[in-house]
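Q: After the structure tokens below, expect a handful of questions from me.
The values are calculated or read from the model by the stated rules, or taken from the named source; none is laboratory data. Since we're looking at a predicted model, the values are computed, not measured. Please note: Cβ atoms are built from the backbone with ideal geometry, for glycine as well, and neighbour counts cover all protein chains shown.
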Ligand SMILES: Nc1nc2c(ncn2[C@@H]2O[C@H](COP(=O)(O)OP(=O)(O)OP(=O)(O)O)[C@@H](O)[C@H]2O)c(=O)[nH]1
Ligand SMILES: [Mg+2]
């Protein structure tokens, strides 16, 4: 199952303690205590693998190492090792304690989330002409510690929406390298899947039904994955006796999740056109076009020409990107 939300606790390393010691050589009795090392930082880094949040399923408590304490003979403690956690590009990171929100949008982008404490100074640093045998030292500062919530928002260019069984996964598989499960029953797909069409990322958003915004079915939580897309393909099965009602049911759910979703560029795809006569197809197309003012295209995964038409739309979307 795709893990798209996790809550974890992260703790950066504490700074090491400064050391207090004196030169054992009788000729020079000065202080020699070294300083503590810095605690390790905790970073998040963006990667393209959308499955990496699964790493946190059994690891909710993540700590970077503390800095080492200072040592005699001017030896500073070594710094604690940083921890770099991979999270999928498109993740939103909420610091529950401070309310701060950060996002990772590029692969390789690295941001610090919790800073390690600075190491304390050893007594060597406190020497002066008036204090040649200082016994002062610093303890080292504590590393930052936060409760963090990570939410994955897939970064797709096109979102596929529609009632269950409309043919979303079939179309995604036909157009891209995706291998989404297809079945002749609703809710075959239980989590969003992605496919790439020459650099365009298409996301299949499953589980939308009437009442999804009130929590029915899989709910509307997957819609966050298309909040950032510019384009929506809305699939309506041409087998349906009431394609307009089917269309409206989904639009209502989109609107109640976020009005902006209904303002995106949307193409209506009447799917499974091989199952109806061309007269019926024309009638249903006109009906949808008139009622919505949107462009309506017929598509069947069994008809090459109709797929070519969809690919032309994809080229248009790509050019606008
Ligand atoms: N005749 C015909 N059948 C199709 C076409 N596209 C999909 N189907 C069939 O319709 C059924 C549903 O297809 P899916 O691709 O699983 O539909 P979905 O929208 O992903 O469904 P859920 O994941 O359950 O929401 C399957 O039995 C497909 O084989 C088409 O163009 N023509
Ligand atoms: Mg599906």
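Q: Name the single residue that is nearest to ligand 2 (Cβ to nearest atom) among those in region 129-173 being closer than 30 Å to residue 61 by Cα and touching a helix residue (DSSP H, G or I) at 6+ places or on another chain (Cβ under 7 Å).
A: Result: 154.
Q: Cβ contacts < 7 Å: first residue free of Cβ contacts under 8 Å to residues at least 24 places away in the same chain, restricted to region 302-321; second residue surrounded by 14 or more Cβ atoms within 10 Å (Cβ to Cβ), any location; separation 6+ or different chain. Result?
A: 309/297
Q: Is there a residue in region 156-178 that is more than 16 Å from ligand 1 (Cβ to nearest atom), surrounded by 18 or more Cβ atoms within 10 Å (Cβ to Cβ) and either within 29 Å of residue 53 (Cβ to Cβ) or more than 25 Å from the chain's Cα centre (by Cα) (or both)?
A: Yes, region 156-178 has at least one match.
Q: Look at residue 126 and say whether it is more than 16 Å from ligand 2 (Cβ to nearest atom), in the same structural domain as residue 41 (by TED's automatic domain parsing) and farther than 23 Å from residue 3 by Cα.
A: For residue 126, the condition - more than 16 Å from ligand 2 (Cβ to nearest atom), in the same structural domain as residue 41 (by TED's automatic domain parsing) and farther than 23 Å from residue 3 by Cα - is met.
Q: Scan region 226-239 and tell me whether some residue there is at pLDDT 95 or above, assigned by TED's automatic domain parsing to the domain that holds residue 172 and surrounded by fewer than 19 Cβ atoms within 10 Å (Cβ to Cβ).
A: There is at least one residue in region 226-239 that is at pLDDT 95 or above, assigned by TED's automatic domain parsing to the domain that holds residue 172 and surrounded by fewer than 19 Cβ atoms within 10 Å (Cβ to Cβ).
This table checks each residue for (1) within 13 Å of ligand 2 (Cβ to nearest atom); (2) touching a helix residue (DSSP H, G or I) at 6+ places or on another chain (Cβ under 6 Å); (3) free of Cβ contacts under 8 Å to residues at least 40 places away in the same chain.
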residue	(1), (2), (3)
193	yes, no, yes
197	no, yes, no
213	no, yes, no
216	no, no, yes
220	no, yes, yes
229	no, no, no
237	yes, no, no
242	no, no, yes
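Q: Of these, 75, 141, which one is over 25 Å from the mean Cα position of the chain (by Cα) and within 21 Å of residue 41 (Cα to Cα)? Step through it out loud before you land on a result.
A: Values: 75 fails: within 21 Å of residue 41 (Cα to Cα).
None of the others qualify; the one that does is 141.
Q: Another one. How many residues does region 100-117 hold that are closer than 28 Å to residue 15 by Cβ and outside any strand (DSSP E or B)?
A: Of the residues in region 100-117, 5 are closer than 28 Å to residue 15 by Cβ and outside any strand (DSSP E or B).
Q: From the list 67, 40, 15, 34, exactly one residue is touching a helix residue (DSSP H, G or I) at 6+ places or on another chain (Cβ under 7 Å) and either assigned to a loop (DSSP other than H, G, I, E, B) or modelled with pLDDT under 95 (or both). Which is it?
A: Working: 67 fails: touching a helix residue (DSSP H, G or I) at 6+ places or on another chain (Cβ under 7 Å); 40 fails: touching a helix residue (DSSP H, G or I) at 6+ places or on another chain (Cβ under 7 Å); 15 fails: touching a helix residue (DSSP H, G or I) at 6+ places or on another chain (Cβ under 7 Å).
Going through 67, 40, 15, 34 in turn, the sole match is 34.
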